[in-house]
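Engineer: Just passing along the structure, written as structure tokens.
The values are calculated or read from the model by the stated rules, or taken from the named source; none is laboratory data. Remember, it's a predicted structure, so these values are computed and weren't measured experimentally. Using ideal geometry, Cβ is built from the backbone for each residue, glycine included, and neighbour counts are taken over all protein chains shown. Surface areas here come from the heavy atoms of the whole protein model, side chains and all, with no ligands, DNA or RNA. Shrake-Rupley method; radii C 1.70, N 1.55, O 1.52, S 1.80 Å.
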Amino acid sequence: MPALFLTLLALLLAPSPALSQTEPFRVLNQTEQSAHSLFAVRTGRPDWGANMLTRGPLAPGNGINIRPAENAGCRFDFRMVLSDGREIINRGQDICAEKVVAMQSPLPRPPGAAAPAPGAPPQAGRGRASTGTGFVVARDRVLTNHHVIDGCNAITVRSADGRSLPATMPARVDVQRDLALLAVPNDPGPVLPFRANPVRRGESVVTYGFPLAGLLAAGPTLTTGEVSALAGLANNEQHFQISAPVQQGNSGGPLLDRQGHVMGVIVSKLNAQRIAQRTGDIPQNVNFAVKGTEALGFLRRAGVEPTLRESPPTELSAAEVGERAHASTVFIRCEK
């Protein structure tokens, strides 16, 4: 009898899961890098929901308090995305029993191994992700390529000041021109003006964006070149051909003249391997951008009146153009 009495007393005094599961818990970033995304969903949920780092990146050693929804249960799955694209997954964490969830660094990479790109094939148990570039064209509006955000379950935009901002599904898309307009609240950056005067062959251009995320520098990359032709592949009148180098991840970024005004939207590069198989020669620096006039028409059809600027003959240095574009150019991550 005494043993039974003590057992019943312990059950009565034990905290109720229904009460404790609504208390806030804390997630710690115990890695050596900042995290730009954090997701916490009840175990068994098929998607990761919204990014909880709405106020900016979570620095190493810092934490964030989360209050679960009522009746969410005790078991949660966590996913943290670091600044170099690596992901940490913790599944089945009991937040009723443990109020602090430590997200620790992944196992060290083998010597000489590069960090995995966010667009690389997923590891077991992870969703797919891809990355691209965009730029601010109006208040809380970002322009990018349609193929950058096609099929996304969630879209996160990282602004130049390091904030991670959730984007809503596209406000408008044009599949044929490969353009998409995203709604990104909370001021992702200043508006980047478009060029008002015509473009000529041979003009100098600058690209600004985030190629090969996770392999190259975490920050934006600048390249220079010229307008090679006023039409694209197979005489596509909607494109410019440019010589400025373009890599995966540049898609959706601005093509700028030497006054820092938008001439077009980076869209693709020529498949050099396929051309070499057909011709026996490797093409050099053949890349493409949607013309600025096509992007302007798309934005106006979407109810956005772009900012236009005349470009005078005097040119800025490439470094100065990059400085003008920096605050308006954003990194885009697509969760699939």
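This table checks each residue for (1) modelled with pLDDT under 95; (2) open to solvent by 20 Å² or more (accessible area, probe 1.4 Å); (3) on the phi < 0 side of the Ramachandran plot.
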| residue | (1), (2), (3) |
| --- | --- |
| THR168 | yes, yes, yes |
| VAL173 | yes, yes, yes |
| PRO190 | no, yes, yes |
| ARG200 | no, yes, yes |
| THR207 | no, no, yes |
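Engineer: Further question: Step by step: first the residues of region 313-336, then only those that are among the charged types (D, E, K, R) and closer than 17 Å to MET263 by Cα, then the one that is farthest from the chain's Cα centre (by Cα). Which residue is that? Walk me through it before giving the result.
Structural biologist: From region 313-336, those among the charged types (D, E, K, R) are 315, 320, 323-324, 333, 335-336; that's our starting set.
Then drop every residue that is not closer than 17 Å to MET263 by Cα, which leaves 315, 320, 323-324.
Values: GLU315: 31, GLU320: 24, GLU323: 20, ARG324: 20 Å.
Looking at residues that are among the charged types (D, E, K, R) and closer than 17 Å to MET263 by Cα, I get GLU315.
Engineer: Still on this model: Would you check which residues across region 32-58 are under 22 Å from GLU98 (Cα atoms) and over 18 Å from the mean Cα position of the chain (by Cα) and list them?
Structural biologist: Once the filter is applied, which keeps residues that are under 22 Å from GLU98 (Cα atoms) and over 18 Å from the mean Cα position of the chain (by Cα), region 32-58 yields ALA40, VAL41, ARG42, THR43, GLY44, ARG45.
Engineer: So SER130 fits all but one of (1) at pLDDT below 65; (2) within 18 Å of PRO166 (Cβ to Cβ); (3) open to solvent by 20 Å² or more (accessible area, probe 1.4 Å); what number is the exception?
Structural biologist: In the conditions (1) at pLDDT below 65; (2) within 18 Å of PRO166 (Cβ to Cβ); (3) open to solvent by 20 Å² or more (accessible area, probe 1.4 Å), SER130 misses (1) alone.
Engineer: Could you go through region 303-314 and let me know if any residue there is part of a helix (DSSP H, G or I) and of a type in the set (Lys, Arg).
Structural biologist: Scanning region 303-314, I find no residue that is part of a helix (DSSP H, G or I) and of a type in the set (Lys, Arg), so the answer is no.
Engineer: Between residues in region 242-259 that are closer than 15 Å to LEU316 by Cβ and residues that are open to solvent by 10 Å² or more (accessible area, probe 1.4 Å) and among the small types (Gly, Ala, Ser), which pairs lie under 7 Å by C-beta distance while being six or more apart or on different chains?
Structural biologist: From region 242-259, the pairs are ASP257/SER311; ARG258/SER204; GLN259/SER311.
Engineer: Let me ask something else. Which condition breaks for SER20 when tested against (1) open to solvent by less than 60 Å² (accessible area, probe 1.4 Å); (2) farther than 16 Å from ILE89 by Cβ; (3) modelled with pLDDT of 85 or more?
Structural biologist: (3)
Engineer: Before we move on, is THR156 at pLDDT below 90 and closer than 17 Å to LEU53 by Cα?
Structural biologist: Numbers: at pLDDT below 90: no; closer than 17 Å to LEU53 by Cα: yes.
No.
Engineer: Which count do you get for residues in region 277-336 that are at pLDDT below 95, among the hydroxyl-bearing types (Ser, Thr, Tyr) and open to solvent by less than 30 Å² (accessible area, probe 1.4 Å)?
Structural biologist: The qualifying residues number 0.
Engineer: Among (1) part of a strand (DSSP E or B); (2) at pLDDT 90 or above, where does ARG177 come up short?
Structural biologist: (1)
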